[in-house]
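Structure, as structure tokens:
The values are calculated or read from the model by the stated rules, or taken from the named source; none is laboratory data. Just so it is clear, the model here is predicted, and its values are computed rather than measured. We work out accessible area using only protein heavy atoms, side chains counted, and drop any ligands, DNA or RNA first. Shrake-Rupley method; radii C 1.70, N 1.55, O 1.52, S 1.80 Å.
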Amino acid sequence: MMSIMTVLRLGDHGDLPAILGMFDEAVEWLTGLGRQAQWGSVPWSGVPDRVQGVRSTLDSGDLWIAEVDGEVAGALVLGEQPPPYAPAATEPELYVRLLLTSRRLRGRGIGTALLEHARGQASRRRIGLLRVDCWAGGDGRLVRYYVDAGFRPTERFDRDGWPGQVLEQRLV
């Protein structure tokens, strides 16, 4: 089997259409699994408030893009502050504000590569705490993904009926 090379680069607002496309893929995939409770069933790009939310997230930190064979395959936004709905940390942290991968390229280690890049960024900045949050509803599969990636669940939160879980990973 041929190995897949994932290339990471800094992103910018020109990547917005590709990122919205990955959100749309995810909504379609989740809907196909009967998991509309996470993000609904309407394409992300068709909801102006969600599009604006993605733009705001891109402005909230450093955007990194994963490419496979020149195609956008994933996105990572890192910030040194959590989003407003997440409980604050009591020490410096690097927060994964967005981690999104293409459903078409699922299973190729893109999310793993982006999380490893986040760990490396934290290390370079001499930050010992990496945090992320995710949807905590349904069967808990997404929380388990992060636990399997080395994170530990901490605080739970509710964002207007959307159950969330903050997870952390100590790096030093």
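Once the chain from Ala149 to Glu28 is taken as fully extended at 0.36 nm per residue, the excess over their C-alpha distance is 41.1 nm.
Computed from backbone phi, the HN-Hα couplings of the stretch 27-41 come to 4, 4, 4, 4, 4, x, 8, x, 10, 5, 4, 6, 9, x, 10 Hz, rounded to whole numbers (Karplus: 6.51 cos²θ - 1.76 cosθ + 1.60, θ = phi - 60°; Gly and Pro given as x). Annotation: amide H-H contacts under 5 Å for Phe157 (H modelled 1.01 Å from N, sequence separation of 5 or more, or interchain): Gly164, Gln165, Val166. Protein heavy-atom surface of the stretch 1-66, 1.4 angstrom probe: 59% of the accessible area is carbon and sulfur, with nucleic acids and ligands not counted. Per residue, the stretch 1-107 exposes an accessible area of 52 Å² to a 1.4 Å probe, with every protein chain left in place.
Its Cα gyration tensor gives the stretch 39-172 an equivalent ellipsoid, and the semi-axes of that ellipsoid, as √(5λ) in whole Å with the largest first, are 21, 19, 16.
Taking every C-alpha pair closer than 8 Å and separated by at least 6 residues, the mean separation divided by the residue count of the chain gives a relative contact order of 19 percent. Given the -39500 (n - 2.57) contribution per DSSP H run of 4+ residues, what per-residue ellipticity at 222 nm results for the chain, rounded to the nearest 500 deg cm²/dmol? Theoretical 222 nm ellipticity from helices: -10000 deg cm²/dmol. Taken one residue at a time, the phi angles of the stretch 90-105 give Karplus couplings (6.51, -1.76, 1.60, θ = phi - 60°) of 9, 8, x, 8, 10, 10, 7, 7, 7, 9, 9, 10, 5, 5, 5, 10 Hz. Gly and Pro are set to x. A cut-off of 5 Å between modelled amide H atoms, ignoring neighbours fewer than 5 places along the same chain, links Arg97 with Val77, Leu78, Gly79. Counting 0.36 nm for each residue step from Thr112 to Asp12 and taking away their Cα separation leaves a gain of 33.9 nm. Here the Karplus curve 6.51 cos²θ - 1.76 cosθ + 1.60, taken at θ = phi - 60°, turns the phi angles of the stretch 8-14 into couplings of 9, 9, 5, x, 8, 5, x Hz, with x standing for Gly and Pro.
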